[in-house]
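**Q** My questions all concern the structure below.
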Amino acid sequence: MIDLNLVDLIARSAGLCKTDVVLEIGTGVGSLTTRLSDQAGRVVSAEIDHHLFKLASEELKTCGNVKLIQGDALRNKHNFRPELMEAVRERMAEMGPAARFLLVANLPYNVATPIISNLLHETPMPEVMVVTIQKELADRMIAGPGTKDYGALSVWIQTLGKVEIVRELPPQVFWPRPKVTSAIVRIDTDLGLRDAIPDLTFFHEMLRALFFHRRKYLRSVVVSATKEKLTKPQVDEALEQLQLSGEIRVEQLQIDEIATLIEGLRQAIEKHRQL
């Protein structure tokens with residue numbers, strides 16, 4: 001990002017204070033990291049590119065509250081590199097009970113979805129995420145039922161917090177220029193909402209399964225998603241108890257209806273497992 005006013009906007013949109021611990025993924029040459037260092041208590045920043053890591057290390061050598069980590073932030077598609085989150089937890093302990101954890105980053109486009117999705121599983125979970133991502137991904141995050149962009153990611157994020165697009169960014173504010181429009185997005189999470197979900201892993205896995213064949217009718221999708229766990233008659237029974245028609249599509253359901261559906265299926269699976 002070559003427009004430094006936008007770099008300032010990203011940091012400002014997070015509303016940082018000196019008790020905050022910030023995770024940045026994609027240090028680059030350290031332009032955003034410097035601002036995070038000035039405004040937050042601690043910063044953990046990861047950069048996969050060895051050359052950029054060396055440049056950033058030189059740029060940030062006077063920033064005593066920044067820990068730079070060279071390497072991939074992700075261990076695999078569904079898990080963070082342990083060293084990264086351990087560094088965050090250590091700094092949270094240093095800052096004490098008033099500390100907040102935030103993600104503030106110009107995210108590499110190819111890993112933006114797994115980074116944001118996986119952080120919603122982590123302990124601690126970021127209270128705020130301010131990220132630069134592809135506009136297409138931002139549209140999916142804020143999408144509502146019945147729209148082309150509404151999917152598992154929309155439901156996953158909106159179930160656990162509030163999301164808004166802060167600013168759309170044209171290609172010319174970056175070098176090299178991408179071929180797509182970007183956006184700065186802010187997500188405010190709610191730990192209470194997450195804690196209210198009885199089985200978070202089941203919820204997320206079932207959510208992805210329900211949207212895997214989004215154009216199929218609900219009964220068919222549920223039968224596929226619960227294969228070897230529920231029989232077809234048991235699926236029909238569960239849908240009837242939830243007062244949901246099997247002849248609608250999951251993309252037509254409101255977010256709270258999907259949450260109710262997933263919990264109902266979890267309970268049905270538990271019930272028939274015990275028989």
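None of the figures in this text is laboratory data; all of them are computed from the coordinates on show. Remember, it's a predicted structure, so these values are computed and weren't measured experimentally. Neighbour counts are summed over all protein chains in view; Cβ atoms, including those assigned to glycine, are modelled from backbone coordinates with ideal geometry.
**Q** Excluding Leu191 itself, calculate the net charge of residues whose Cβ lies under 12 Å from the Cβ of Leu191, where each Lys or Arg counts +1 and each Asp or Glu counts -1.
**A** In short, -3.
**Q** Quick check: pseudo-label points 7 Å beyond the Cα along Cα→Cβ at Glu90 and Glu205, how many nm apart are they?
**A** Using points 7 Å along Cα→Cβ, the separation is 3.2 nm.
**Q** Per residue of the chain, what 222 nm ellipticity follows from adding -39500 (n - 2.57) for every DSSP H run with n ≥ 4, rounded to the nearest 500? Working shown, then result.
**A** Details: 12 runs with 122 residues, N = 275.
Here the helix-only value at 222 nm equals -13000 deg cm²/dmol.
**Q** I've got another one for you. In nm, to one decimal, how far is the modelled label at Gln241 from the one at His213, with both set 7 Å along Cα→Cβ?
**A** Calculated label separation equals 2.4 nm.
**Q** How high is the relative contact order of region 202-275, in percent, counting Cα pairs under 8 Å that sit 6 or more residues apart?
**A** 38 percent.
**Q** Per-residue HN-Hα couplings for region 121-137, Karplus 6.51 cos²θ - 1.76 cosθ + 1.60 at θ = phi - 60°, whole Hz, x for Gly and Pro?
**A** In residue order, the calculated couplings are 8, 6, 10, x, 8, x, 6, 9, 10, 10, 9, 9, 9, 5, 4, 4, 5 Hz.
**Q** At a Förster radius of 41 Å, what calculated FRET efficiency corresponds to the Cβ-Cβ distance of Ser224 and Glu83, to the nearest 0.05?
**A** Working: r = 38 Å, r/R0 = 0.92.
According to the calculation, E is roughly 0.65.
**Q** Would you calculate the separation in nanometres between label points at Gln254 and Leu52, each defined as 7 Å from the Cα along the Cα-to-beta-carbon direction?
**A** Label-label distance for Gln254 and Leu52, simple model: 4.2 nm.
**Q** Using a Förster distance of 45 angstrom, determine the FRET efficiency expected from the C-beta separation of Gln274 and Asp72, and round it to 0.05.
**A** 0.60
**Q** Quick one: which of Lys227/Lys271; Lys67/Lys162; Lys162/Lys216 span more than 21 angstrom between C-alpha atoms?
**A** On the way: Lys227/Lys271 15 Å; Lys67/Lys162 29 Å; Lys162/Lys216 28 Å.
From Lys227/Lys271; Lys67/Lys162; Lys162/Lys216, over 21 Å: Lys67/Lys162; Lys162/Lys216.
**Q** Per residue of region 229-244, in order, report the coupling 6.51 cos²θ - 1.76 cosθ + 1.60 (Karplus, θ = phi - 60°) as ³J(HN,Hα) in whole Hz, putting x for Gly and Pro.
**A** So the Karplus estimates, Gly and Pro as x, are 10, 9, 7, 4, x, 5, 5, 4, 4, 5, 5, 5, 5, 7, 6, 10 Hz.
**Q** Then there's this: Roughly how large, in nm² to one decimal, is the mean projection of the convex hull of the alpha-carbon atoms in the chain? Don't skip to the answer; put the middle values down first.
**A** Details: hull surface 61.4 nm².
Computed as one quarter of the Cα hull surface, the answer is 15.4 nm².
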